[in-house]
Every structure is written in structure tokens, then in C-alpha cells.
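Beneath this line is the structure, given in C-alpha cells, with notes to follow.
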């Protein structure tokens, strides 16, 4: 098994393992109806994970946080700010 480079990749691997477990579990036996009900509700929510999209999301969030802190400090130091 290849170890992931970071937390985003590790989360992607875990998510893919959960998706595979849901798809591979056979809906047979006494609880077949329950398995099918859970599968029908959960599988559409577990879409493919886009690692590049997750990285961009985290970068944008970090930049927005930096911009917010800078704006608050600038406003605090500006003498005419109310």
C-alpha cells in the first residue's frame, strides 16, 4: 500500500475505502431490505473525492483567513476607523 502524502490524501483513501465497502457488501440475508435502504440513502452522498479541489478549497480558506486578520488589524490601527 502506498502511504498518502498528507491528510487530504489520507482522507481520500479512507473515503474511497468506505465507498468500496458499501458497494461490495451483498444485500442478502435477513437484513437485505435494511442494507438496500441504507445503501440507497448513503451511496449518492459519497461522491468521488477530488483531491485537487480539496487542496484549492483549503488554500482559499487560508488566504481568506489571512485577509480577514489583516483587515481587522488595519482597521484597528487606522485612527479614523469607528
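Numbers below:
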{"quantity": "Single residue of 62, 52 found to be surrounded by 10 or more Cβ atoms within 10 Å (Cβ to Cβ) and modelled with pLDDT of 85 or more", "calculated": "62"}
{"quantity": "Residue that is nearest to residue 59 (Cα to Cα), among those in region 1-17 that are modelled with pLDDT of 85 or more and loosely packed, with under 13 Cβ neighbours inside 10 Å", "calculated": "7"}
{"quantity": "Qualifying residue in region 21-28 (condition: surrounded by fewer than 11 Cβ atoms within 10 Å (Cβ to Cβ) and part of a loop (DSSP other than H, G, I, E, B))", "calculated": "yes"}
{"quantity": "Residues located in region 29-46, provided they are in a loop (DSSP other than H, G, I, E, B) and touching a helix residue (DSSP H, G or I) at 6+ places or on another chain (Cβ under 9 Å)", "calculated": "29, 46"}
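The values are calculated or read from the model by the stated rules, or taken from the named source; none is laboratory data. Predicted, not measured: the structure shown is a model, and the values here were computed from it. Here Cβ is always computed from backbone atoms with ideal geometry, including for glycine, and neighbour counts include all displayed protein chains.
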